[in-house]
Amino acid sequence: MSDALGLYNYWIAIFLMMVGFYNVIASGNLVKKLIGLSIFQTSVFLLYITMGKVKDGTAPILGDGYDTFSNPLPHVLILTAIVVGIATTAVGLALVIRIQEHFGTIEEDELIAQEDSP
Amino acid sequence: MIHVVDMTLLAFLAIVAIAVTRMTNLFATSVLTGVYSLLMACIFTVLDAVDVAFTEAAVGAGISTVLFLATLSLTTQREKPQRSPNWKALCVALLTGGALVYGTFDMPHFGDPQAPVHQHVGPHYIGVSPTQIGVPNMVTSVLASYRGYDTLGETAVIFTACMAVLLLLQHEKRRDEQSTVEEKPDKEAMAHAMILRVQSKFFIPLILLFGLYVQFHGDFGPGGGFQAGVIFAAGIILYSLVNGLDKARQIIPPNVLHGLVAFGLLLYAGTGLASLFMDGNFLQYRALAEEATHGEHIGILLIELGVGITVATVMTSMFFSFSGRRRS
Amino acid sequence: MSSHLPIVPIVLPMIAAPLCSLLRRPALIWPLTTGVGWLVFAACAALLMQVVESGPIVYTMANWDAPIGIEYRIDLLNAYILVLVSGIAAVVLLYAPQSAASELPQDRHHLFCAAFLLCLTGLLGITITGDAFNVYVFLEISSLASYALISVSRDPRALKAAYKYLIMGTIGATFILIAVGLMYMMTGTLNMADLAQRVKMVEDTRTILMAFAFLSIGIMLKIALFPMHAWLPNAYSYAPSLVTAFIAATSTKVSLYVFLRFVFTIFGAEYAFDTLGFNDVLLPLALLGIVVASAVAIYQTDLKRLLAYSSVAQIGYIVLGISMGTVTGLTAGLAHMFNHALMKGALFLAVGCIVLRLHSSRLEDMAGLGKRMPITSFAFVLGGLGLIGVPLTAGFISKWYLLLGTLELGWWPVTVLLLISSLLAVAYVWRFVEVAYFQPPPAEASSDEAPLSMQIPLWMLLATTLYFGLQTDVTAGLAQRAALWLLGGGQ
């Protein structure tokens, strides 16, 4: 029971990651795959931020009356990771647009079918 | 109380994630992904990560949704429905998730002050950084100074993404064709919508002003170059949504835009190099002035400005590239 | 200034990239890019010499001591990789202007150069850093740049290949991110040297076990270890030739380095191999990769794709060496990383020369190529002999060490399999020889060699492979020292 109370945040983060991951591998639509990827990454951020939280802590900005702060390091790491995430999404979407222009579709099975019948 | 808020938000997140999986309307899915990011930002706030929440809201719910929608307008709004769940993918996901859950059982519990994360490097940042760097926001100290090299890498990542998007989407210059295209009024623009126009006139200056505030107030409160850059870009994007891409491009010509993209990264790396000439190591801003904290201030101001400029112009430039592409 | 030498390989290309995007004119940017490439190579070579003479170099960013700040830690292993990557980049850049002029759209050479330099920055940044999270950041710089470099090809299928690489690469990177997070959670640090000490204290936890698993899978995706190689054949086949040459020679090698760095110096050989029995996972994957990919290579109709499958097989050889967990095995793996990079680089450069003249990399278009492009064809055959592992080529040295390694361990079936796989390599190299030398050229074809500016870099790489085939103490000697050091836990 104490495990459940102490770990549920991680479990839900993992569940969300896997929903995203499932979308990446299961979806046949190239945009939907990127949406899955973005959910996958965002949920990993939750894992990091959860570990930085300390009980009764506050945001790591010095102010009067506060002396317990959550750990700023995971926050910094995730700021960087968010940037990486949007960068990847943007490049992925640019590729999708070009794929649509050249092949007329963004469904994986139709793209494969085109390749088989030249 | 915190637990209740946290659990409720997490439950919402799970619902949104499942809805995203089940829907085939990509337009709705993209908007829901924005909602997902916004909810995530709320949770980050509850978990004390205000800077991250700020960024996630601006990027995940803002820029990323805009880019998704721009892509959908050029491709398709519906995905082909799948008959049944993809069992193979489901197994892979369950296996991966199961493994991760197995890994959680030896983890320190949520909020435990004895966790290794709160023992080793973390306390140093909390205890020493306000005096060592002289900045109340510890996230800014770590981001800009202790791990400033990571942030340089992050700026390079966003610059790389801009190069990649331009490589992919920049129109090929065809001199003969350019002149024959007659000046059509931009149909995509919403200038005819009175309410939008008036509102945007009111909002855009506020957004830009807020961007500047976030840029220069990041030392004291949540914010900094990255958030400011995104907000600034949001202002420009709003302008071009309402008044049309061509008008926005007249105000910020592509040459200026691309020059600024490069300038931001150069400013960051240049600040790092400047400290070499003051007998410091790379990025050692405290060598920049007589007094260490003064040097840190100058350094952080400059690199945050570099980050802000690059991020704002990269986001704008990406948006221009995406929406400049016409449906063929 | 010499004490700041370690930052040159990273900061120089990172600054040159925005300059390229500003200058725009091909007449300016190609000399700039090539010059930067050679300067970086010189800096890396100087670093290697310094490490060989006086031991590891530590450079602290902003003078914050690790683990508070980020540090570079250059030892024998990563200095060796730095020289390899920067050397290949320098040679490929000599070759690039001519090849790019024919294979890339004219108006975006400046963007291409910027992306190339960023890719180099990323690869060198991953190699040089001593911080686990920093690896992730630079991994993404190099990955994003390589997606872009692959997709600029004139062949629209490159777009699909780049997309697939993006998805698989990002999954890999996210797995690495999860693993780094779990490690940080259990130790409170991100610095590699610090992690190495602290992971030992918690290595029997399930969390660290999962960190190890996710890290391995994430990196294997990036290495393209069979069966996680699905992104590789298309990416290599459809990318512009010079991009293929550069990425094939460097990118997977850097990922292999990351693998070695994490497995041997952070988790330790004892934990990975004795406690977990990780070699029992690596060995079958490596062997399957060698046999299946070599066999698939034989049936390819496109020369680039043939070489791409051969790369998957060669990665199998390297991982086989690693999975032995002995000094000889690891030496073989490290030497093969180096030799394979040189050989594959040279082979893809040769293909680039062929594509320049024929505008095709299909084998059926290469009939009689031995007469039409005698020098390039000969170069390709020499490189192919290296892939097979014929004595006097560099490929022989690493294969020899691999065989020795298997004999030491008494793995007879593996020894036999290695010999069989060399025969498979003979078969796929023969595909080219047969078409180029035993089929008559089409009637209208004229003899037309590639320009000198492309021939010279090609032969530079080939000459290096031949040199290292004779002069074994440089590669094998260094590799052996690095192997001993790795098995000792990097202390």
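The values are calculated or read from the model by the stated rules, or taken from the named source; none is laboratory data. Remember, it's a predicted structure, so these values are computed and weren't measured experimentally. We place every Cβ from the backbone using ideal geometry, glycine too, and count neighbours over all the protein chains shown. Note: areas computed on protein heavy atoms with side chains; ligands, DNA, RNA excluded. Shrake-Rupley method; radii C 1.70, N 1.55, O 1.52, S 1.80 Å.
Applying the set (1) touching a His at 6+ places or on another chain (Cβ under 8 Å); (2) more than 9 Å from chain A (Cβ to nearest Cβ); (3) crowded, with 24+ Cβ neighbours inside 10 Å to B:GLY134 leaves exactly one unmet item: (3). Would you check which residues across the range C:282-320 are part of a helix (DSSP H, G or I) and without any contact (Cβ under 8 Å) to a residue 40 or more places away in the chain and list them? Within the range C:282-320, C:PRO284, C:VAL296 meet the criteria. When restricted to residues that are of a type in the set (A, V, I, L, M) and open to solvent by 60 Å² or more (accessible area, probe 1.4 Å), the range B:195-225 contains 6. The number of residues in the range B:117-152 that are in contact with a Phe, Trp or Tyr (Cβ under 6 Å, 6 or more places away or on another chain) and farther than 23 Å from A:PHE69 by Cβ comes to 1. Considering the conditions (1) within 14 Å of chain B (Cβ to nearest Cβ); (2) in contact with a helix residue (DSSP H, G or I) (Cβ under 8 Å, 6 or more places away or on another chain), C:ASP204 is excluded by exactly one of them, (2).
Per-residue answers, yes or no, for (1) basic (Lys, Arg); (2) at pLDDT 95 or above; (3) in contact with a Ser or Thr (Cβ under 7 Å, 6 or more places away or on another chain):
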residue: C:THR33; (1), (2), (3): no, yes, no
residue: C:GLY37; (1), (2), (3): no, yes, no
residue: C:CYS44; (1), (2), (3): no, yes, yes
residue: C:LEU47; (1), (2), (3): no, yes, no
residue: C:VAL52; (1), (2), (3): no, no, no
residue: C:GLY55; (1), (2), (3): no, no, no
residue: C:ILE68; (1), (2), (3): no, no, no
residue: C:ARG73; (1), (2), (3): yes, no, no
residue: C:LEU77; (1), (2), (3): no, no, no
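Inside the range B:1-36, can you point out the residues that are crowded, with 23+ Cβ neighbours inside 10 Å and either closer than 15 Å to A:ALA13 by Cβ or in contact with a Pro (Cβ under 6 Å, 6 or more places away or on another chain) (or both)? Scanning the range B:1-36 gives B:LEU13, B:ALA17, B:TYR36. Name the residue that is modelled with the lowest pLDDT, counting only residues in the range C:107-154 that are of a type in the set (D, E, K, R) and out of contact with any Asp or Glu (no Cβ under 8 Å at 6 or more places or on another chain). Looking at the filtered set, the residue picked out is C:ARG108. Taking the criterion of being touching a residue at least 40 places away in the same chain (Cβ under 8 Å), part of a helix (DSSP H, G or I), more than 7 Å from every other protein chain (Cβ to nearest Cβ) and over 21 Å from the mean Cα position of the chain (by Cα), the residues of the range C:140-183 that qualify are C:ARG157, C:VAL180, C:MET183.
Yes or no: B:VAL52 under 30 Å from A:MET51 (Cβ atoms) and facing chain A (nearest Cβ under 7 Å)?
Working: under 30 Å from A:MET51 (Cβ atoms): yes; facing chain A (nearest Cβ under 7 Å): yes.
For B:VAL52, the condition - under 30 Å from A:MET51 (Cβ atoms) and facing chain A (nearest Cβ under 7 Å) - is met.
Could we say that C:VAL52 is in contact (Cβ under 8 Å) with a residue 24 or more places away in the chain, of a type outside the set (D, E, K, R) and touching a Lys or Arg at 6+ places or on another chain (Cβ under 6 Å) here? Taking the combined requirement at face value, the residue does not satisfy it.
Which count do you get for residues in the range B:61-73 that are aliphatic (A, V, I, L, M), open to solvent by 20 Å² or more (accessible area, probe 1.4 Å) and either more than 14 Å from the chain's Cα centre (by Cα) or at pLDDT below 90 (or both)? Give the derivation first.
If we filter the range B:61-73 for residues that are aliphatic (A, V, I, L, M), which is where we start, we get B:61, B:63, B:66-67, B:69-70, B:72.
Now drop any that are not open to solvent by 20 Å² or more (accessible area, probe 1.4 Å), which leaves B:61, B:66, B:69.
After this cut, where a residue has to be either more than 14 Å from the chain's Cα centre (by Cα) or at pLDDT below 90 (or both) as well, the list is B:61, B:69.
Here the count works out to 2.
Are there any helices (runs of 4 or more DSSP H) wholly within the range B:120-195 with 2 or more residues that are at pLDDT 90 or above and within 29 Å of the chain's Cα centre (by Cα), and if so which?
Numbers: elements: B:122-132, B:138-141, B:148-169, B:175-180.
Fully inside the range B:120-195 and qualifying: B:122-132, B:138-141, B:148-169.
If B:PRO116 passes every condition in (1) surrounded by 16 or more Cβ atoms within 10 Å (Cβ to Cβ); (2) touching a helix residue (DSSP H, G or I) at 6+ places or on another chain (Cβ under 7 Å); (3) within 9 Å of chain A (Cβ to nearest Cβ) but one, which one does it miss? Answer for B:PRO116: the failing condition is (3). The condition of being charged (D, E, K, R) and either at pLDDT 95 or above or open to solvent by less than 50 Å² (accessible area, probe 1.4 Å) (or both) holds for only one of C:GLU449, C:GLU434, that being C:GLU449. Within the range B:74-89, restricting attention to residues that are within 7 Å of another protein chain (Cβ to nearest Cβ) and under 31 Å from the mean Cα position of the chain (by Cα), the residue that is most open to solvent (accessible area, probe 1.4 Å) is B:LYS80. When the helices (runs of 4 or more DSSP H) confined to the range C:354-417 are screened for residues that are surrounded by fewer than 17 Cβ atoms within 10 Å (Cβ to Cβ) and among the charged types (D, E, K, R), those reaching at least 1 such residues are found at C:369-372, C:394-409.
When the range C:474-488 is examined, which residues are found to be open to solvent by less than 10 Å² (accessible area, probe 1.4 Å) and among the aromatic types (Phe, Trp, Tyr)? Outline the logic, then answer.
The first filter runs over the range C:474-488 and keeps only residues open to solvent by less than 10 Å² (accessible area, probe 1.4 Å), leaving C:475-476, C:479, C:482-483, C:486.
If the condition is that a residue be open to solvent by less than 10 Å² (accessible area, probe 1.4 Å) and among the aromatic types (Phe, Trp, Tyr), then no residue fits.
Scan (1) at pLDDT 90 or above; (2) within 24 Å of the chain's Cα centre (by Cα) for the single condition C:THR472 breaks and write down its number. Here C:THR472 clears every test but (1). Within the range C:95-139, work out how many residues are under 30 Å from B:VAL121 (Cα atoms) and either assigned to a helix (DSSP H, G or I) or of a type in the set (Val, Ile, Thr) (or both). Number of matching residues: 17. Here C:ARG73 fits the description: open to solvent by 10 Å² or more (accessible area, probe 1.4 Å), among the basic types (Lys, Arg) and not in a helix (DSSP H, G or I). The selection criterion, being in a helix (DSSP H, G or I), touching an Asp or Glu at 6+ places or on another chain (Cβ under 9 Å) and facing chain A (nearest Cβ under 7 Å), does not hold for B:LEU100. Out of curiosity, is B:LEU241 facing chain C (nearest Cβ under 10 Å) and surrounded by fewer than 23 Cβ atoms within 10 Å (Cβ to Cβ)? When the stated conditions are applied, B:LEU241 does not pass them.
Before we move on, is C:PHE432 in contact with a Phe, Trp or Tyr (Cβ under 7 Å, 6 or more places away or on another chain), farther than 30 Å from C:VAL52 by Cβ and either in contact (Cβ under 8 Å) with a residue 60 or more places away in the chain or not in a helix (DSSP H, G or I) (or both)? Yes.
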